[in-house]
1. Go through 156-165, 312-321, 268-277 and give me the packing order, highest mean Cβ count within 10 Å leading.
2. Under the classification rounded if a/c is under 1.5, otherwise prolate if a/b is larger than b/c and oblate if not, where does the stretch 150-246 fall, given a ≥ b ≥ c as square roots of the Cα gyration tensor eigenvalues?
3. Skipping prolines and chain starts, which residues have an amide H placed within reach, meaning under 5 Å, of the one on Phe353, given they are 5 or more residues away or on another chain?
4. With the other protein chains left in place, how much accessible area per residue, in square angstrom, belongs to the stretch 432-499 at a 1.4 angstrom probe?
5. With every protein chain left in place, what is the accessible area of Thr366 in Å² (1.4 Å probe, nearest 10)?
6. Please quote Rg/Rh for the stretch 410-451 to two decimal places, taking the Kirkwood radius as Rh and restricting both calculations to Cα atoms.
7. Can you list residues from other chains, or at least 5 along the same chain, whose modelled amide H is less than 5 Å from the amide H of Val232?
8. Excluding residues fewer than 8 places away in the same chain, name every one of the lysines whose C-alpha is closer than 18 Å to that of Lys317.
Amino acid sequence: MSIDHESVSRPASVLEASGRHGNRHGAGLLDRPSTRALPPRTSTAVGRHRGRLHSRVALPLALAGADTLAVALAAAATAPATARPTVTALLLLPALLPLNLAGGLYRSRLSLSVLDEFPALAARAAVATAFAVTADACLTGHWNDHGATGPLRLLALLLLMLPLAALGRAYVHHRTRRARRRRPSPVLILGAGELGQRIADVLAARPEYGLRPVGYLDADPLLLPPGSPLPVLGGREVLGRVLRRYRVHHVLATGGSADDADTLAALRQAARLGCQVWLLPGLREFDSVQGAGDHLWGFPCLRLGAPAMRRHGWVVKRGFDIAAAGLGLLLLSPVLAACALAVRWETGPGVLFRQQRTGLDGRVFTLLKFRTLRPSNERESATRWNIAQDHRMGVVGKFLRKASLDELPQLWNVLRGDMSLVGPRPERPYFVLRFGQAYPEYADRHRVPVGLTGLAQVNGLRGDTSIEDRARFDNRYIEGWTLWQDAKILLRTAALVVRPDGS
């Protein structure tokens with residue numbers, strides 16, 4: 001992409017603009033920032049609106065309790081006279097409960113059905129039983145009176161445990177439906193079109209779902225029929241006020257609004273504010289998508305996951321960043337010292353190059369690098385796109401860039417929390433504004449902390465490459481973030497170090 005330096009304001013103006021514009025979007029798949037530079041997050045903007053704790057954990061705990069009770073009763077019924085049934089349960093539960101948790105069997109659903117859950121429950125119970133058979137064989141002779149005496153008894157245990165678990169879950173679902181009817185949760189419907197109106201009618205007629213609509217959110221709604229019980233509360237600009245006023249814990253996103261992009265932005269903002277978001281696409285074929293599963297009175301329904309930074313694994317990611325950056329600075333200190341001496345010899349005083357970069361939610365921080373050349377002025381530093389072929393770069397500078405050694409001081413940025421090891425690469429505020437204007441998806445990269453390396457970089461999108469492609473890969477990384485994906489990117493980055501391209 002070519003950059004016309006005379007068509008935009010100077011970097012100082014960019015920074016001023018960054019402070020004037022508010023955050024239009026949030027973080028995660030459901031939460032994107034706007035195409036403008038964004039101010040730092042505040043405590044009033046994130047995580048302020050949360051559902052009550054018991055509404056989030058009561059059903060999962062009750063289902064886990066039903067499964068535990070089923071295992072205990074089945075173990076007691078099938079235990080020989082000389083065996084301890086509690087030991088049999090201890091062999092099964094360490095495998096069964098995590099498997100059920102990973103399979104979503106303790107997740108809150110709109111449509112509660114034991115028969116829908118039974119195949120997944122049976123498969124995981126069989127795996128847990130196989131684990132118990134193996135554990136029984138390994139423990140034989142090591143401790144007395146263990147409960148598992150062989151595969152046949154464990155098969156009987158499985159055949160008894162499954163119906164007991166089904167009965168327990170049926171009771172939990174019955175109590176959950178009663179609680180939902182008695183205390184329905186306020187729900188906001190995004191989109192006042194035909195599908196949104198039909199969903200509102202379903203929720204009004206089916207109180208077992210426990211969702212009480214408070215209104216529609218639609219900037220340009222269709223004409224509602226006379227006597228419609230639900231009002232149109234406004235567009236996305238009133239979302240925060242509506243959520244707080246009605247204490248909304250659930251948001252249903254439907255088709256039918258005038259601006260799908262605006263509806264998507266509202267949906268992401270609701271997720272950032274702590275609401276559970278459900279997507280109803282209105283396409284019957286959507287129900288055949290693997291993992292969809294749930295429905296609302298026949299309408300296929302998808303529960304959207306939490307934004308990346310609100311997932312449990314994010315704490316592990318930050319812990320790994322701190323440990324790896326600290327250890328890296330310690331182990332690489334001789335290399336850092338050698339690079340600093342070489343830069344001092346070639347370019348003179350000031351071996352570290354400090355530059356303003358845009359990070360999480362548009363916050364500007366100072367990025368550190370080893371100096372590979374000395375720019376003529378601050379404007380060149382802030383607005384020049386690529387220096388890979390600059391004739392002013394000496395032998396040391398070229399080597400540092402080819403080997404990516406000039407990036408090593410950024411480990412300090414990682415340790416400070418300005419960056420992560422893996423994430424979208426940070427850019428200067430000048431280019432953030434320019435690219436955000438040219439590519440609407442570009443500013444979405446600021447939903448998570450920036451990184452030393454990222455999915456775009458390991459796919460060859462470095463230096464003078466397509467900005468649109470970079471933004472697409474960075475957003476793909478954010479939307480599908482997992483710890484394993486970070487591990488893959490780090491491994492691919494290590495492989496690229498041995499064949500640097502100097503970009």
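The values are calculated or read from the model by the stated rules, or taken from the named source; none is laboratory data. Since the model is a prediction, treat every value here as computed from it, not as a measurement. Every residue, glycine among them, receives a Cβ derived from its backbone with ideal geometry; neighbour counts consider all protein chains shown. Keep in mind that these areas ignore ligands, DNA and RNA; they rest on the heavy atoms of the full protein, side chains included. Shrake-Rupley method; radii C 1.70, N 1.55, O 1.52, S 1.80 Å.
1. On the way: 156-165: 19.2, 312-321: 14.7, 268-277: 23.3.
Output ranking for 156-165, 312-321, 268-277: 268-277, 156-165, 312-321.
2. prolate
3. Placed amide hydrogens put Lys369, Phe370, Arg371 under 5 Å from Phe353.
4. Numbers: 2990 Å² over 68 residues.
On a per-residue basis, the stretch 432-499 sits at 44 Å².
5. Counting only protein heavy atoms, Thr366 exposes about 60 Å² to solvent.
6. Numbers: Rg = 11.2 Å, Rh = 10.8 Å.
Dividing the radius of gyration by the Kirkwood radius yields 1.03.
7. Those lying under 5 Å, H to H, from Val232 are Tyr216.
8. Lys488
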